[in-house]
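This report refers to the structure that appears directly beneath it.
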Amino acid sequence: MSSLPYRQSVIYIEEEIMASRTEHRGSCLCGAVSVKAATKNNNIGVCHCAMCRKWGGGPLLAVECGTEVEFTGVEQITTFNSSEWAERGFCQHCGTHLFYRLKKEGHYAIPAGLFDNADHWKLTEQIFIDQKPAFYSFAEETKMLTGQQVFDQYS
């Protein structure tokens, strides 16, 4: 019996783990703010809540980055306290959306388009699906949570 399939599986799992902890870099439109982040995985989540849609003119497509996020040009970042538990950051010069951050945990969700290399991302989850307007849909099959399910999951 050959050990090759097992070895290939181990290598594949190791590659998946390495890819999921990759450091990503990006910047705002004007370059005043740069970001370096170690993402939790290669997944993109979509938020359809009314606040995210109002903030960006459409759904927020974001990458979970946890707390391992570093910004340069911090003095150019303005934050908006969008709720008791979260804040949103943007560049005060060009207006680029930089992050959604949970205040208590320090957890960052970074807009996927902020990162320079976008070839490896995969759309995997949509939240506040009950607030999604009818005029757009995504073709990918994803996990879908209502607003209540999101609050139940994290409370």
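The values are calculated or read from the model by the stated rules, or taken from the named source; none is laboratory data. On a predicted model such as this, the values are computed, not experimentally measured, just so you know. Here the Cβ positions follow ideal geometry from the backbone for every residue, glycine too, while neighbour counts run over all protein chains shown. The protein model used for the area step is the full one, side chains on, heavy atoms only, and it has no ligands, DNA or RNA in it. Shrake-Rupley method; radii C 1.70, N 1.55, O 1.52, S 1.80 Å.
From the list 77, 44, which one is farther than 18 Å from residue 140 by Cβ and of a type in the set (A, V, I, L, M)?
The unique qualifying residue is 77.
Yes or no: residue 132 within 24 Å of residue 152 (Cα to Cα) and over 12 Å from the mean Cα position of the chain (by Cα)?
Criteria met by residue 132.
Out of 103, 122, report the one residue that is surrounded by fewer than 16 Cβ atoms within 10 Å (Cβ to Cβ), free of Cβ contacts under 8 Å to residues at least 40 places away in the same chain, out of contact with any helix residue (DSSP H, G or I) (no Cβ under 7 Å at 6 or more places or on another chain) and more than 14 Å from residue 35 (Cα to Cα).
When all the criteria are applied, what remains is 103.
Would you check which residues across region 35-86 are in contact (Cβ under 8 Å) with a residue 24 or more places away in the chain, open to solvent by 70 Å² or more (accessible area, probe 1.4 Å) and of a type outside the set (Ser, Thr, Tyr) and list them?
Those that are in contact (Cβ under 8 Å) with a residue 24 or more places away in the chain, open to solvent by 70 Å² or more (accessible area, probe 1.4 Å) and of a type outside the set (Ser, Thr, Tyr): 40, 51, 64, 68, 70, 74.
Can you tell me which residue among 115, 90 is aromatic (Phe, Trp, Tyr), on the phi < 0 side of the Ramachandran plot, in contact with a strand residue (DSSP E or B) (Cβ under 6 Å, 6 or more places away or on another chain) and open to solvent by 40 Å² or more (accessible area, probe 1.4 Å)?
Answer to the check: 90.
Among strands (runs of 3 or more DSSP E) lying entirely in region 39-150, which contain 1 or more residues that are modelled with pLDDT of 95 or more and over 26 Å from residue 27 (Cβ atoms)?
122-127, 143-145
Taking the conditions exactly as written (over 26 Å from residue 142 (Cβ atoms) and aromatic (Phe, Trp, Tyr)), does residue 99 satisfy them or not?
no
Please tell me if residue 31 is closer than 21 Å to residue 132 by Cα, open to solvent by less than 50 Å² (accessible area, probe 1.4 Å) and assigned to a loop (DSSP other than H, G, I, E, B).
no
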